[in-house]
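Taking it in order: structure first as structure tokens, then the write-up.
The values are calculated or read from the model by the stated rules, or taken from the named source; none is laboratory data. These numbers come from a predicted model, not from an experiment. All Cβ positions, even for glycine, are placed from backbone atoms using ideal geometry, and neighbour counts span all protein chains on display. Accessible surface is based on the protein model in full, side chains and every heavy atom, while ligands, DNA and RNA are left aside. Shrake-Rupley method; radii C 1.70, N 1.55, O 1.52, S 1.80 Å.
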Amino acid sequence: MSESRKNHLSIDGGQVKEDEHVSSYKPIPENDGDFRTSKTSLKKEKGSGDEAEEKLLAKEDEAKIVTRVDMADAKYVVEDHRNGDAKIELDANKRQFTGLTKEELMKYADDPFWVRLRWFMFVLFWAMWLCMLAGAVAIIIRAPKCAPPQPRTWFEKGPLVDVAAVEDYNAIDLPLLQSSKVAAVFAPSCQDTYSVLDDENVACLTQFKDFVGKAKAAGVKVIVDLTANFVSTSHKWFQLSENRSTGYDDYFTWRASTEFDSNGNDSTPKPPNKWVSTLNEPAWTLSKKRGEFYLHQYAADQADLNFHNPAVVKEFDAVIKIWMKAGADGIRLQKARTLVVNNTDVANANEQPRRGRGSVPGADHTQYAFYQHKYTADLPALDQLFAHWTHLADSFYATPSAGESVFTLAEAEQPEWFLLDRNSTSLRPAFAAPLPIIDANAAAASLNERVTRWPLIQLKSEEPSVELAAFSMLLPAAPVIAIDQLQGVENDTSAVALISSLAPLRSDASIEHGLYKISAVPVVNSTSTMLACARWKTGHTGYLSVYNPGDTARANLTEMPALPESLTVYHLSSTAQFYTNYTINTEVGVDNILVPSKAALILSYVPKTSVEQ
């Protein structure tokens with residue numbers, strides 16, 4: 001063994017072998033005096049009496065030192081084997097794993113177990129991915145959504161024109177209606193509603209079919225007016241009932257007299273009660289042939305049918321079917337609120353006088369307006385009848401989609417049927433009585449009471465006014481226009497131009513589903529008011545119509561919600577343009593808008609947001 005290997009330390013304390021790599025101390029050279037000198041100097045500075053130089057252990061003693069190290073925690077590194085250089089890293093952990101070799105990996109790659117495992121994991125991954133995808137799609141589809149509002153039907157958009165008073169279909173000006181972009185008309189039917197049951201080729205029905213064909217070609221729908229209440233006393237039904245023929249005995253409301261007036265040797269029977277007809281006459285007339293009184297709430301030769309009798313209801317069912325098959329888009333009933341009477345105890349069913357609100361000044365006990373008509377009008381049984389006929393009209397309508405046909409009532413006075421205290425009404429749509437616009441405050445209150453149901457509504461003034469028709473085009477209701485409001489004077493097409501230019505607004509989001517505010521707005525430097533209607537929807541153009549029922553003045557609209565400081569003139573009649581010098585797109589201040597007497601202005605604006613307001 002060479003001299004350089006004598007200083008090796010046996011880690012396990014045994015004999016050092018030739019081929020072992022063991023740790024050793026490297027001998028300090030003898031000439032390394034600086035280290036010893038520094039040690040000696042340190043001793044001297046400390047005042048030690050031992051002045052002998054500090055010596056290292058002898059080589060023989062160094063060789064006896066054995067260092068024991070746990071090999072699990074040691075790392076032995078040989079630097080220069082020839083020189084005996086080596087070091088031990090006592091804090092080293094076990095040898096680091098360097099991974100499998102390529103040959104080892106390939107051995108596992110083709111192993112059937114690992115092949116099956118890989119395929120299983122591959123299939124499992126894609127199955128889970130598809131499940132998550134299906135779940136996401138299901139959540140999107142089934143999750144509750146804020147559905148867009150349903151678009152308004154054709155009869156809710158309008159405008160509609162009433163030509164029911166015209167006796168000849170050929171007198172209805174279809175080109176005028178087409179130019180005005182009218183959605184539908186209320187057209188007349190036969191004078192005798194039930195005549196079509198005897199002959200479906202009756203002249204009035206044949207003429208109606210021809211008119212419907214022309215109207216549809218012009219893009220105008222047709223709603224037919226029918227009166228179901230009565231038939232003439234010359235009608236075969238009345239004659240059969242008067243003779244007590246089987247099946248017709250109960251077609252009308254018959255009542256025997258319980259009291260008589262004595263006139264000498266003769267006794268005159270008294271009517272069953274004191275009901276008064278709408279013509280301010282006794283509502284009962286004696287049939288000498290039958291010996292009983294029959295009820296008529298209209299003319300004496302118009303006997304009221306008994307709609308408590310299912311056979312009578314079926315007769316009018318057949319009438320509705322015939323007119324719907326002839327091409328009608330709906331039915332409007334005239335005089336419908338008196339269809340049903342309380343006939344269970346007629347003798348004790350005397351009407352009570354009106355009291356307070358609704359009473360008519362000057363009316364006496366001989367007049368229809370004097371009484372409340374608790375037993376002869378607006379009976380709850382009408383609800384069931386109207387619902388039945390609404391469904392019937394819809395089932396025979398040419399358009400297959402449900403709810404597209406009209407079944408409504410012609411109203412003449414307030415409160416209307418749909419405003420009565422009832423749980424529901426099946427009218428489609430509700431119909432408001434014509435509303436005179438004389439005082440802005442009263443008009444605003446009346447409109448706000450009615451537009452909650454989006455009814456058909458006609459605004460009226462002392463003279464036919466296209467200005468009111470223009471104002472009504474922005475209402476949350478279907479505007480009904482009288483034919484004379486469109487006709488104007490000869491060769492004057494301004495009314496048609498005005499209505500036709502506003503008709504597209506009926507499909508605008510702000511009009512169909514937007515918010516509204518109907519109010520009487522103040523006049524500048526006056527106690528008078530004007531009528532205003534604002535319509536707006538977030539993200540859409542807002543519109544405002546203002547009508548002046550008084551003298552020419554300036555309106556202050558600052559109290560209306562969502563209005564900016566300035567508005568833009570959207571449309572106006574030629575009359576309004578003449579008196580104001582406004583033109584379309586003119587900017588006007590919200591607090592100072594000039595409106596001529598009996599005229600309307602239509603303005604547009606960008607609605608303020610709730611934060612801005």
Filter the range 392-404 down to the residues that are touching a Phe, Trp or Tyr at 6+ places or on another chain (Cβ under 9 Å) and not in a loop (DSSP other than H, G, I, E, B) and list them by number. L392, A393, D394
Which numbered condition in (1) touching a residue at least 40 places away in the same chain (Cβ under 8 Å); (2) open to solvent by less than 50 Å² (accessible area, probe 1.4 Å) is the only one that K214 fails? (2)
What is the number of the single condition among (1) outside any loop (DSSP other than H, G, I, E, B); (2) at pLDDT below 95; (3) buried (at least 19 other Cβ atoms within 10 Å of the Cβ) that N273 does not meet? (1)
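In this structure, does D249 turn out to be farther than 18 Å from A283 by Cα, part of a loop (DSSP other than H, G, I, E, B) and not polar (S, T, N, Q)?
Numbers: farther than 18 Å from A283 by Cα: yes; part of a loop (DSSP other than H, G, I, E, B): yes; not polar (S, T, N, Q): yes.
Yes, satisfied.
Rundown of residues vs (1) within 30 Å of F396 (Cα to Cα); (2) open to solvent by less than 60 Å² (accessible area, probe 1.4 Å); (3) in a strand (DSSP E or B), yes/no style:
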site: Q297; (1), (2), (3): no, yes, no
site: I331; (1), (2), (3): yes, yes, yes
site: V341; (1), (2), (3): yes, yes, no
site: T344; (1), (2), (3): no, no, no
site: V360; (1), (2), (3): no, no, no
Restricting attention to the range 412-428, does a residue exist that is at pLDDT below 95, closer than 21 Å to A482 by Cα, open to solvent by less than 40 Å² (accessible area, probe 1.4 Å) and not in a helix (DSSP H, G or I)? yes
Taking into account only those residues within the range 319-329 that are open to solvent by 10 Å² or more (accessible area, probe 1.4 Å) and touching a helix residue (DSSP H, G or I) at 6+ places or on another chain (Cβ under 6 Å), which is farthest from A398 (Cα to Cα)? I322
Select from the range 170-208 the residues that are loosely packed, with under 14 Cβ neighbours inside 10 Å and assigned to a helix (DSSP H, G or I) and write down the one among them that is nearest to the chain's Cα centre (by Cα). P175
For the range 528-554, which positions are at pLDDT 95 or above, in a loop (DSSP other than H, G, I, E, B) and of a type in the set (V, I, T)? T541, T552
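Mind telling me which of the residues A503, A469, A495, A532 ends up being open to solvent by less than 20 Å² (accessible area, probe 1.4 Å), small (G, A, S) and within 14 Å of L435 (Cα to Cα)?
A469
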Looking at the range 446-459, is at least one residue open to solvent by less than 10 Å² (accessible area, probe 1.4 Å), over 27 Å from T527 (Cα atoms), among the hydrophobic types (A, V, I, L, M, F, W, C) and part of a loop (DSSP other than H, G, I, E, B)? no
From the list F113, F125, which residue is farther than 30 Å from L459 by Cβ, part of a helix (DSSP H, G or I) and at pLDDT 90 or above? F125
Residue that is modelled with the lowest pLDDT [pool: residues in the range 140-169 that are open to solvent by less than 70 Å² (accessible area, probe 1.4 Å), among the hydrophobic types (A, V, I, L, M, F, W, C) and in a loop (DSSP other than H, G, I, E, B)]: A143
Does the range 570-590 hold any residues that are at pLDDT 95 or above and either part of a strand (DSSP E or B) or of a type in the set (D, E, K, R) (or both), and which are they? Y570, E587, V588, G589
Working only within the range 366-384, note down all residues that are closer than 19 Å to H296 by Cβ and exposed (fewer than 13 other Cβ atoms within 10 Å of the Cβ). T366
In this structure, does N280 turn out to be farther than 30 Å from D329 by Cβ, open to solvent by 40 Å² or more (accessible area, probe 1.4 Å) and touching a helix residue (DSSP H, G or I) at 6+ places or on another chain (Cβ under 8 Å)? yes
Being within 23 Å of L385 (Cα to Cα), touching a Pro at 6+ places or on another chain (Cβ under 8 Å) and of a type outside the set (A, V, I, L, M) narrows D225, D250 down to just D225
Identify the single condition in (1) out of contact with any Leu (no Cβ under 9 Å at 6 or more places or on another chain); (2) hydrophobic (A, V, I, L, M, F, W, C); (3) without any contact (Cβ under 8 Å) to a residue 40 or more places away in the chain that V588 does not satisfy, given that it satisfies every other one. (1)
Where the second residue is open to solvent by less than 80 Å² (accessible area, probe 1.4 Å) and part of a helix (DSSP H, G or I) and the first is under 20 Å from Y294 (Cβ atoms) and modelled with pLDDT of 85 or more and lies in the range 340-366, which pairs have Cβ atoms under 8 Å and are six or more apart or on separate chains? V340/A381; V340/L382; V340/L385
Residues satisfying the stated conditions in the range 209-231, i.e. under 28 Å from A299 (Cβ atoms) and either modelled with pLDDT under 95 or assigned to a loop (DSSP other than H, G, I, E, B) (or both): T227, A228, N229
Unmet requirement for F407, which otherwise passes all of (1) touching an Asp or Glu at 6+ places or on another chain (Cβ under 9 Å); (2) within 21 Å of P434 (Cβ to Cβ); (3) part of a loop (DSSP other than H, G, I, E, B): (3)
Please find, among L557, L567, the residue that is buried (at least 19 other Cβ atoms within 10 Å of the Cβ), out of contact with any helix residue (DSSP H, G or I) (no Cβ under 9 Å at 6 or more places or on another chain) and not in a loop (DSSP other than H, G, I, E, B). L567
